[in-house]
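Everything on this sheet refers to the single structure shown next.
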Amino acid sequence: MAIPAPPTKSPPAFPANEQYAGQSCSICQTAVIAGEQMLTCPHCALPFHAECWAENRGCSAYGCKGAPPTVKSAETQPVSNAWGEEKPCPSCGKSIKAEALKCRFCGANFDTRDVITRKDYESREYEGTEYNAARNKVVMMFLLSAAACLAPLGLILCSMLIFNKSLAGVQYSRLPMTLKAVLWCGLGVGSLLVFLFLLLVAFDR
Ligand SMILES: [Zn+2]
Ligand SMILES: [Zn+2]
Ligand SMILES: [Zn+2]
């Protein structure tokens, strides 16, 4: 029995030819332009922009073997909103198709097809790979703060992320409580180490 291909493995992309030009990408719901890099789902044959497929990590069709697990839940929610066919992008505000999981203008990704406000979009917690990436960066900043001679650097990074709200692609408002706590610990530990170091220097002479 054939084992279904893992959803993360991308089918080969090709420039859109006559057969596909004008068809809608099932992720951003925008027509594929002739020559644009695109691909089709190996399981359901729906067309996608190569870029949209990569960002979605697979097909957007509900129940398709090529779909990543996160889209399956998003797809089950019926799309109904006061905006009809279109909805405002929560990131750039431009009008995009109601079904879109990704904004064609600014590239923002949403994990739901529902209309979300800009505030909700910016404060939604990290999930999946986004969460992993954010967690790695936060843990890194914490470790720097706790590493003797690098403490000043870690301290600066932690406080920049806390007080400037974003750093290195991580948004403070989107971090879950645990990671926020890790950052504050980094701030604390880093400050302590820097303080002790200054104390040491002061009493050394
Ligand atoms: Zn697309
Ligand atoms: Zn598919
Ligand atoms: Zn946008």
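Listed here are the residues, each with its yes/no results for (1) open to solvent by less than 60 Å² (accessible area, probe 1.4 Å); (2) touching a His at 6+ places or on another chain (Cβ under 8 Å); (3) away from ligand 1 (no atom under 14 Å from the Cβ); (4) not in a loop (DSSP other than H, G, I, E, B).
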| position | (1), (2), (3), (4) |
| --- | --- |
| CYS44 | yes, no, yes, no |
| GLU51 | no, no, no, yes |
| GLU55 | no, no, no, yes |
| GLY63 | yes, no, yes, no |
| GLY66 | yes, yes, yes, no |
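Condition first: open to solvent by 40 Å² or more (accessible area, probe 1.4 Å) and either hydrophobic (A, V, I, L, M, F, W, C) or not in a helix (DSSP H, G or I) (or both). Now tell me which residues in the stretch 150-162 satisfy that.
The initial filter retains those residues of the stretch 150-162 that are open to solvent by 40 Å² or more (accessible area, probe 1.4 Å), namely 150, 152-153, 156-157, 160.
If the condition is that a residue be open to solvent by 40 Å² or more (accessible area, probe 1.4 Å) and either hydrophobic (A, V, I, L, M, F, W, C) or not in a helix (DSSP H, G or I) (or both), then LEU150, LEU153, ILE156, LEU157, MET160 are the ones that fit.
Summed over the stretch 127-149, the residues that are at pLDDT 85 or above and in a loop (DSSP other than H, G, I, E, B) give a count of 1.
On the basis of being over 13 Å from the mean Cα position of the chain (by Cα) and farther than 30 Å from ALA54 by Cβ, does SER166 make the cut? Before you say what the answer is, go through the steps one by one.
Values: over 13 Å from the mean Cα position of the chain (by Cα): yes; farther than 30 Å from ALA54 by Cβ: no.
No, not satisfied.
Filtering the stretch 87-95 for residues that are farther than 22 Å from GLN171 by Cβ and either at pLDDT below 85 or away from ligand 3 (no atom under 14 Å from the Cβ) (or both) leaves an empty set.
Could you check the stretch 128-142 and list, in sequence order, the residues that are of a type outside the set (S, T, N, Q) and surrounded by fewer than 13 Cβ atoms within 10 Å (Cβ to Cβ)? Can you show your working first?
To start, the set of residues in the stretch 128-142 that are of a type outside the set (S, T, N, Q) comprises 128, 130-131, 133-135, 137-142.
Matches in the stretch 128-142: GLY128 only.
Screening SER191, SER123 for residues that are modelled with pLDDT of 85 or more and either touching a helix residue (DSSP H, G or I) at 6+ places or on another chain (Cβ under 6 Å) or open to solvent by 40 Å² or more (accessible area, probe 1.4 Å) (or both) leaves exactly one candidate, SER191.
The values are calculated or read from the model by the stated rules, or taken from the named source; none is laboratory data. Predicted, not measured: the structure shown is a model, and the values here were computed from it. We place every Cβ from the backbone using ideal geometry, glycine too, and count neighbours over all the protein chains shown. Quick note on the areas: whole protein, heavy atoms, side chains included, nothing else; ligands and nucleic acids left out. Shrake-Rupley method; radii C 1.70, N 1.55, O 1.52, S 1.80 Å.
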